[in-house]
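Heads up: the structure comes next, in structure tokens.
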Amino acid sequence: MRWIVHNIFQLIQLLILIRVILSWISHDPYNYYIRTLYDLTDIILKPIREFLPFHNAPFDVSPIIAIFIIDFVKNILLNLI
């Protein structure tokens, strides 16, 4: 059971990391797989972006915060199991 929880959270963090890397390179934002990636990660990143006070910052820090929060929640859940 622990490895399932661990792997799910790792997958979420990996998807966020892939999205960050894609923001650095040229890609087709209308590609089905890219669109799916954005839709999946926006579930986590949008609330963080709305909560942050600096919307016009030169770079987006929401993926960094999301990865820390996901890791924190993962550790709590793994300690409870």
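The values are calculated or read from the model by the stated rules, or taken from the named source; none is laboratory data. Note that the coordinates shown come from a computational prediction; the quantities given were computed from them, not determined experimentally. Note: ideal-geometry Cβ built from the backbone for every residue, glycine included; neighbour counts use all protein chains shown. Surface areas here come from the heavy atoms of the whole protein model, side chains and all, with no ligands, DNA or RNA. Shrake-Rupley method; radii C 1.70, N 1.55, O 1.52, S 1.80 Å.
Apolar share of the accessible surface for the chain: 71 percent from carbon plus sulfur atoms, 1.4 Å probe. Basic side chains Lys and Arg get +1 at the Cβ, acidic Asp and Glu get -1 at the Cβ, and with that the dipole of the chain about its Cα centre reaches some 180 debye. Between S26, I12, T36, the Cα set farthest toward the positive side of the dipole of the chain (charges on each charged residue's Cβ, about the Cα centre) is that of I12.
Starting from the Cα gyration tensor of the chain, take the square roots of the eigenvalues, sort them a ≥ b ≥ c, and report rounded, prolate or oblate (rounded when a/c is under 1.5, otherwise prolate if a/b is larger than b/c, else oblate). Display every interim value, and only then the final one.
Values: a/c = 2.57, a/b = 1.42, b/c = 1.81.
Verdict is oblate for the chain.
Test of understanding: given the chain, find the longest segment containing no chymotrypsin sites (Phe, Trp or Tyr not before Pro) that are in a DSSP loop and have at most 13 other Cβ atoms within 10 Å. Counting at most 13 other Cβ atoms within 10 Å as exposed, the longest clean stretch of the chain is 1-29.
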